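Read through the structure below, which is laid out as structure tokens, and then see the notes.
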Amino acid sequence: LYYLMEVNILYYKIEDGFKEQSSLEGYTGDVVTIITEKELKSKLASKEIDSKFVPNYKNAKCCRADVHKGCFSLTFSVVSKDKKRNRLNFGCIVKKDNVIFIDDSGIVKTCIKKMQKNKISESTTLERFLYDFLETLIDSDLRYMEEMGDRLTRIESAVVKGILDDFNKNMIDFRKEALMFYRYYTQLSDIGQEFQENENGFFSDKAVNLFGMFTIRADRLREEAHILRDYSSQVRDIYHSQTDAKQNKIMKVLTVVTTVLMPISILSAWYGMNFDTMPELHWSYGYIAFIIASILTTFGSVWYLKKKKFW
């Protein structure tokens, strides 16, 4: 049973071409291991892994690094770049000569394949692998930030053109996404800084400089997410301005109509009193005179408002 559990474990020998292996076969160099949660239980039972070093990654909503004596415990919650915005979670235990990934999602294997395809992982050091892996996690993110910016520009153009359908929903979704990526890059930056501090003395000065480069890149992506969120606030202000202008235009039209009809309302109220001493009540041309007076006052009001450029 233990053998069957071990069959699914993947090994990558750092100093042996970094090819995928199903066993170590007496290899004593640096190695990267990928196991699932089921295989983790086997290693916990055999005391190969200490339970206090296992990160709580399953229901994590953020990325973080915990420093222990002799290892780092890393929790990753990677945001998928699609409409669902799912999170792909996995854990990682970094030792001086071994990196153990605990992953049921398959994202770690996908990243390593991408590293092999791009020949990022040709280096023969474990610390270089860690740097390349972190870089692979965010290698296409700047392009995605640009796509988010293009999406926001299209929303802005629609607002300017007066196409305001579903604006609030689209803007709320966009701002949530931008905030989510802002926090995500902040967390990755924190992991890079933990590696830079090198409390366990695992990494060389060169590797510390590499992790510093990753931290800078994560900070830049965080700044891009922050800029997009600020830009979305400006688009929202434009939307409110457009809405206010539209409402003001409607109110202006209603005000003009009310002003034009006000003289007729006064005439109607005046002659609706029906006093016996009002001579127009018994005048044979009183009805026609009222109609003519109403027409003249209406057109007179319209002419006056146009002359004063109120309309």
### Task
Confirm whether residue 25 is over 37 Å from the mean Cα position of the chain (by Cα) and either assigned to a helix (DSSP H, G or I) or at pLDDT 85 or above (or both).
no
### Message
When the residues of segment 278-311 are narrowed to those that are charged (D, E, K, R) and not in a helix (DSSP H, G or I), which ends up most open to solvent (accessible area, probe 1.4 Å)?
### Response
309
### Task
Take segment 35-70 and flag every residue that is surrounded by fewer than 19 Cβ atoms within 10 Å (Cβ to Cβ) and under 20 Å from residue 192 (Cβ atoms).
60, 61, 62, 64, 66, 67, 68
### Query
Are there any pairs with C-beta distances below 8 angstrom linking a residue in segment 283-307 that is more than 11 Å from residue 264 (Cβ to Cβ) to a residue that is of a type in the set (Ser, Thr, Tyr), with the two at least 6 apart or on different chains, and if so which?
305/259
### Query
Given 264, 250, 238, which one is open to solvent by 70 Å² or more (accessible area, probe 1.4 Å) and among the aliphatic types (A, V, I, L, M)?
250
### Subset of segment 219-262 (residues that are over 17 Å from residue 148 (Cβ atoms) and of a type in the set (Gly, Ala, Ser))
241, 245
#### Entry: Residue among 138, 100, 107 that is touching a residue at least 24 places away in the same chain (Cβ under 8 Å), of a type in the set (Val, Ile, Thr) and in contact with a helix residue (DSSP H, G or I) (Cβ under 7 Å, 6 or more places away or on another chain)
138
### Message
What are the pairs with Cβ atoms under 6 angstrom where one residue, in segment 180-191, is at negative phi and the other, located anywhere, is basic (Lys, Arg) and part of a helix (DSSP H, G or I)? Sequence gap at least six, or different chains.
### Response
182/222; 185/222; 186/222
### Task
Would you be able to tell me the number of residues in segment 159-186 that are assigned to a helix (DSSP H, G or I), open to solvent by 30 Å² or more (accessible area, probe 1.4 Å) and not acidic (Asp, Glu)?
12
### Query
Of the residues that make up segment 114-121, is at least one open to solvent by 30 Å² or more (accessible area, probe 1.4 Å) and in contact with a Phe, Trp or Tyr (Cβ under 6 Å, 6 or more places away or on another chain)?
no
#### Entry: Only one of 135, 147, 127 that is in contact with a Ser or Thr (Cβ under 9 Å, 6 or more places away or on another chain) and either surrounded by fewer than 16 Cβ atoms within 10 Å (Cβ to Cβ) or under 25 Å from residue 222 (Cα atoms) (or both)
127
### Message
Checking residue 117 against (1) without any contact (Cβ under 8 Å) to a residue 12 or more places away in the chain; (2) in contact with a Leu (Cβ under 8 Å, 6 or more places away or on another chain): exactly one of these is not met. Which one?
### Response
(2)
### Task
For segment 187-228, name all the residues that are outside any helix (DSSP H, G or I) and open to solvent by 70 Å² or more (accessible area, probe 1.4 Å).
199
### Message
Residue under question is residue 104, and the condition is that it be within 21 Å of residue 191 (Cα to Cα), part of a loop (DSSP other than H, G, I, E, B) and acidic (Asp, Glu); does it hold?
### Response
no
## Note on the structure
Counting only residues in segment 268-277 that are modelled with pLDDT under 80 and not charged (D, E, K, R), the one most open to solvent (accessible area, probe 1.4 Å) is identified as 270
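The values are calculated or read from the model by the stated rules, or taken from the named source; none is laboratory data. Predicted model only: the values in this text are computed from it and were never measured. Note that each Cβ is placed from the backbone with ideal geometry, even for glycine, and that neighbours are counted across all protein chains shown. Ligands, DNA and RNA are excluded from the accessible area calculation, which covers all protein heavy atoms including side chains. Shrake-Rupley method; radii C 1.70, N 1.55, O 1.52, S 1.80 Å.
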